[in-house]
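Right, one structure below, let's go through it.
Where a number appears in this text, it was derived from the coordinates with a stated rule and is not lab data. Nothing here was measured: the structure is a model prediction, and the numbers come from that model. All Cβ positions, even for glycine, are placed from backbone atoms using ideal geometry, and neighbour counts span all protein chains on display.
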Amino acid sequence: MSKKRGLSVEEKRTRMMEIFFETKDVFQLKDMEKIAPKEKGITAMSVKEILQSLVDDGMVDTDRIGTSNYFWAFPSKALHARKRKLEALETQLAESSQKKERLQQSIEKSKIGRQETAERAALIKEVAALQQKKEHLKAEIDKYKECDPDVVEEIRQANKVAKEAANRWTDNIFAIKSWAKRKFGFEENRIDKSFGIPEDFDYID
């Protein structure tokens, strides 16, 4: 035969409250230690602990008269205690719902600027094109460095314009990254990964 399962703490609390509600009487601890095991199956050694938990939760009233402590509880008090607990839980639920809403809004806000847009794609494409053009112009300078000085100077000027344009766009990208870090607290490597910015991305010397 299987061993009989003992009462849970909540079952003991419920049965002890039944003693108060059914008798509508006032008891000392020693009285409960006799009544609870006999009428409700609550072990005598757990009576004090269960009774104290009910007092702590405001379900049972207690007062000291002389050298003795007395305990009592009435259905109306238990009803009010449950109402207060329900109100506290409802408040907690409302606060949790508000926190969830704030977190959801924060998540949605953090997505701003990370989505794939035509403007972002165009900026990256233009920077790449300018860098490629700069490399091409450098090769042209090397090719004509011993040729016509006017041609070399023209190429150098074009290279300067391209370099300034590339660095200007690089400056803009760094400014956007700095704004995103301040505004949303993103880490730099996360921003680079999200926007496809190379690790060695930097100004052109």
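Could you sort the peptides 87-100, 160-173 by per-residue average Cβ neighbour count (10 Å cutoff), highest mean leading? Don't skip to the answer; put the middle values down first.
Details: 87-100: 10.0, 160-173: 15.5.
So the peptides 87-100, 160-173, ranked by packing, come out 160-173, 87-100.
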Give me a comma-separated list of calculated 3J(HN,Hα) values for the stretch 94-109, in order, Karplus coefficients 6.51, -1.76, 1.60 applied at θ = phi - 60°, integers in Hz, x for any Gly or Pro. 5, 5, 5, 5, 5, 5, 4, 5, 5, 5, 5, 5, 5, 5, 5, 5
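Can you flag which of 100/193; 109/193; 134/183; 134/193 are past 22 Å Cα-Cα? Don't jump to the answer; show the numbers that get you there.
On the way: 100/193 28 Å; 109/193 18 Å; 134/183 34 Å; 134/193 25 Å.
Among 100/193; 109/193; 134/183; 134/193, the Cα-Cα distance tops 22 Å for 100/193; 134/183; 134/193.
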